[in-house]
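Peer 1: One structure, pasted below without further comment.
The values are calculated or read from the model by the stated rules, or taken from the named source; none is laboratory data. What you are looking at is a predicted structure, and each value in this text was computed from that prediction instead of being measured. Heads up, the Cβs are rebuilt from the backbone with ideal geometry, glycines too, and the neighbour counts pull from every protein chain shown. For the accessible areas, the whole protein counts, side chains as well, though only heavy atoms, and no ligand, DNA or RNA atoms are used. Shrake-Rupley method; radii C 1.70, N 1.55, O 1.52, S 1.80 Å.
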Amino acid sequence: MSKKPNAIIFGGLNTCSRTLAALLVTPDGGERLVEHLRIVDKYSVAPPTTYLGSVFPQVLKQPNVQYRQANLTFASNVKSCFEPPEGQDPYTYVFDFAGEVQWDRPEAVHITHTFKVARLIGLEAARRKVAAYVRIQHPMYNTKESGSHDEKEDVKPEGVMGTWWHETMRALGAIPDLNLVIVRTALPYGPYVNYLSVIPFIAVAACYGYLKQPMKAVNSPGKYPSHTVHVDDIAGAMWACAEWMAKLGRKEADAIAGEEIPFKNDKSKVNEVEGMVPHNQKVIAPLFNIEDDSKVTLFELGTISASYFGTSFDFHNFVTNLAAKFRLEDVIEDINEVHVTTWTEMITTSHPPIPNTQFSSYMDVYNLRKRVIAFSADKIKNVVGYRLKRPHFDHESIGDMIDKLKAEHSWPINDP
């Protein structure tokens, strides 16, 4: 039997890299996919300075699992992270989740913590000739309401954050001999994760179920694809892509699954930011979308979530919609007032009370804006052979998530 690979995960402790860690090394000590696993991020895990969930600490207790806190903005720190422990083989697979996910941070922060960090990791990985380098791409785009929604579709990055995550793909794609695969996700959800819009959206639905009132959305009725993906499938897709790339190498992978990563930035930035690829340089890299089979619209997302908590889903009246289109910032606190007040009541009267939960029903401007997210997963199914573990966004998948969060006392229990 061949020896299992060694893997290193960079970043994403505050998004979904913990889910991947639990896939690579099971928390119960069962059969594992990797021989040695190192996880690197800026956060402390003991004591924790970000939400870890109840499963990840059990992963860290397993043999040959190491967590390293590091500032990855320095090349010397990145280099040292690639040095395996004594007696271990070099790292075979690198999973890159590194990047800023707070939309309102200054551009300089996005450049440093997303673009620069990922580029440093990619350069070192190429130097070390790792067999597979899998980069996550979050759904920081506006896609078209209709069309193929495949990897060739021209999509627009959302704001400064989306622009630099997209630019990072170009920088990594331009690194010679980097065995890069990019996995671009739909809107994530699942247990023990708390980023982007679906989780607070479900919390809002819980509030209205508690109040026994209809849940109402800001945007007017429409198709608004809001496609989702369970974090188990994000992790599963990244592992499948690593295995796929390791057998092929970059040249063949580009020929089979390469897509052009178009320039979407300000041309003047090329001379200002080290490592940016010129706007007229063509960049090709293997790119795969991952989403579930539900392909829900905003209305369906709302209806499924609200009905799980015993209420209905509707839209605010025309006047509110009109105000939200032109000055969402002016009405956001009014919109959130009911959610936040109710959530506070729910967590303080929970059995037991959970006043310090990381989860919230607050919907910020970024998550309330109308955004269309649709990324067909046909390619990863056909080329890589990936099969979804959680193909549907439904009551069962929501219930599984809520039950696990209740068990760790991070979701309120307000049952009569």
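Peer 1: Using amide H atoms built in the peptide plane, which far-off residues or other-chain residues are under 5 Å from residue 217 H to H?
Peer 2: Amide H neighbours of residue 217, under 5 Å, 5+ apart: 314, 315, 316.
Peer 1: For the range 227-357, what is the convex hull (Cα atoms) projected area averaged across all directions, in square nanometres?
Peer 2: 14.4
Peer 1: Here are several values of Kirkwood radius over Cα pairs in Å: (i) 27.3; (ii) 22.7; (iii) 22.1. Which one was derived from the coordinates shown?
Peer 2: (iii)
Peer 1: Which loop-located trypsin sites (Lys or Arg not before Pro) does the range 200-246 contain, where loop means any DSSP state but H, G, I, E or B and the Cβ has at most 16 other Cβ atoms within 10 Å?
Peer 2: 212, 223
Peer 1: Then there is this: Just how large is the dipole of the range 370-416 about the Cα centre, in debye to the nearest 20, putting +1 at every Lys and Arg Cβ and -1 at every Asp and Glu Cβ?
Peer 2: For the range 370-416, the charge dipole is close to 420 debye.
Peer 1: Which value, in Å², gives the accessible area per residue of the chain when a 1.4 Å probe is used on the protein heavy atoms? Please report the intermediate quantities before stating the final value.
Peer 2: On the way: 17440 Å² over 416 residues.
Heavy-atom SASA per residue in the chain reads 42 Å².
Peer 1: Also, I was wondering about something else. Putting +1 on Lys and Arg Cβ atoms and -1 on Asp and Glu Cβ atoms, find which of 132, 149, 182 reaches farthest to the positive end of the dipole of the range 58-208.
Peer 2: Checking the options against the dipole of the range 58-208, the answer is 132.
Peer 1: Along the three principal axes, how long is the range 143-251 when you take its alpha carbons, biggest first, rounded to the nearest angstrom?
Peer 2: 57, 28, 26
Peer 1: Collect residues whose amide H, placed 1.01 Å from N in the peptide plane, falls under 5 Å from the amide H of residue 67; neighbours closer than 5 in sequence don't count.
Peer 2: 39
Peer 1: Report, to the nearest whole %, how much of the accessible area of the chain belongs to carbon and sulfur atoms, 1.4 Å probe, protein only.
Peer 2: It is 51 percent, rounded to a whole number.
Peer 1: Explain nothing, just the number: dipole magnitude of the chain about its Cα centre with +1 on each Lys and Arg Cβ and -1 on each Asp and Glu Cβ, in debye rounded to the nearest 20.
Peer 2: 900
Peer 1: At most 14 other Cβ atoms within 10 Å and a DSSP loop assignment: could you name the GluC sites (Glu not before Pro) in the range 184-282 that fit? Don't skip to the answer; put the middle values down first.
Peer 2: Values: sites: 243, 252, 259, 260, 272, 274; in loops: 272, 274.
Within the range 184-282, the qualifying GluC sites (Glu not before Pro) (loop, at most 14 other Cβ atoms within 10 Å) are 272, 274.
Peer 1: How big is the convex hull of the Cα atoms of the range 83-199, per residue, in Å³?
Peer 2: 136
Peer 1: Whole-Hz ³J(HN,Hα) for each residue in the range 181-197, computed from phi via Karplus 6.51 cos²θ - 1.76 cosθ + 1.60 with θ = phi - 60°, x for glycine and proline: what do you get?
Peer 2: 10, 10, 10, 9, 9, 7, 6, x, 7, x, x, 6, 10, 8, 8, 6, 8
Peer 1: Sticking with this one: Under 5 Å between amide hydrogens, which residues at least 5 positions from residue 184 or on another chain qualify, with H placed 1.01 Å from N in the peptide plane?
Peer 2: Sorted by chain and number, the residues that satisfy this are 137, 288, 289, 290.
Peer 1: Mean-square fluctuation check for the chain, GNM, Cα pairs under 10 Å: which of 254, 177, 400 is largest?
Peer 2: Comparing 254, 177, 400 in a Gaussian network model of the chain, the most mobile one is 400.
Peer 1: On to the next question. Output the relative contact order of the chain, whole-number percent, from Cα pairs under 8 angstrom with separation of 6+ residues.
Peer 2: 18
Peer 1: Tell me whether the range 101-169 comes out rounded, prolate or oblate; compute the Cα gyration tensor, take square roots of the eigenvalues as a ≥ b ≥ c, and use a/c under 1.5 as the rounded threshold. Spell out each step's value before the answer.
Peer 2: Values: a/c = 3.38, a/b = 1.31, b/c = 2.58.
Verdict is oblate for the range 101-169.
Peer 1: Also, quick follow-up: Do any GluC sites (Glu not before Pro) in the range 1-96 lie in a loop, going by DSSP, with at most 13 other beta-carbon atoms within 10 Å of their beta carbon, and if so which?
Peer 2: 31, 86
Peer 1: Given the options 407, 270, 315, identify the residue whose Cα lies farthest towards the positive end of the charge dipole of the chain (+1 on Cβ of Lys, Arg; -1 on Cβ of Asp, Glu).
Peer 2: Of the options given, the answer is 270.
Peer 1: Could I ask something else about it? Which order, highest average first, do 18-24, 291-297 follow once you tally other Cβ atoms within 10 Å for each residue and take the mean per peptide?
Peer 2: 18-24, 291-297
Peer 1: Cα centroid distance between the range 265-310 and the range 63-142, in Å?
Peer 2: That distance is 19 Å.
Peer 1: Let me ask something else. Can you give the FRET efficiency for residue 330 and residue 127, using 1/(1 + (r/R0)^6), R0 = 41 Å, r = Cβ-Cβ distance, to the nearest 0.05?
Peer 2: It comes out at approximately 0.20.
Peer 1: Assign unit charges at the C-beta atoms only (+1 for Lys and Arg, -1 for Asp and Glu), then state the dipole size of the range 270-416 relative to its Cα centre in Debye, rounded to the nearest 20.
Peer 2: Computed charge dipole of the range 270-416: roughly 700 debye.
Peer 1: Heavy-atom accessible area of residue 207 with all protein chains present, probe 1.4 Å, nearest 10 Å²?
Peer 2: My reading of the accessible area for residue 207 is about 0 Å².
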